[in-house]
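Rule-based calculations on the coordinates, nothing more; no lab input. Here the structure is a predicted model, which is why all the values come from computation and not from measurement. With ideal geometry, Cβ positions are generated from the backbone for all residues, glycine too; neighbour counts draw on all protein chains shown.
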Amino acid sequence: MSAPRAERGGKARDRTRRDLDRLDRREPGGRFWQSLALIGSVGWPIVLFATGGALLGHLLDRHWSSGIRFTLMLLTIGTAIGCFAAYRAVRGNDS
């Protein structure tokens, strides 16, 4: 059978109090800003390297009239380098 209502309520109250105490001991606002910084350090390298590769490839394609060969090649290389930089940022290996 299930525990009487008074016992369940007491246990729930204790768990809630313990959770509130744990929340009070946390650093105020630190986790949100850390998460936001991590998102930025992951997203920007991918965007910047991919865009830079595409722009440089476009300029080379216009100069040598080669269609979109350099654009695609440098876009792919830029995306790969950006993903590697984002991976290093997540892993914390900035050296």
**Fill in**
Log10 I(q)/I(0) at q = 0.26 Å⁻¹ for segment 13-95, from Debye over equal alpha-carbon scatterers, is -1.07
**Message:** Taking 0.36 nm per residue of sequence separation and subtracting the Cα-Cα distance, how much length would be gained by fully extending the chain between residue 66 and residue 87, in nm to one decimal?
**Reply:** 4.3 nm
**Request:** Please arrange 49, 84 by counting, for each residue, the other beta carbons lying within 10 Å of its beta carbon, fewest first.
**Result:** 84, 49
**Request:** Take every Cα pair under 8 Å in segment 28-91 that's 6+ residues apart, average their separations, divide by the length, and report that relative contact order as a whole percent.
**Result:** 42 percent
**Complete:** If 20, 56 are placed from fewest to most neighbouring beta carbons inside 10 Å, the sequence is 20, 56
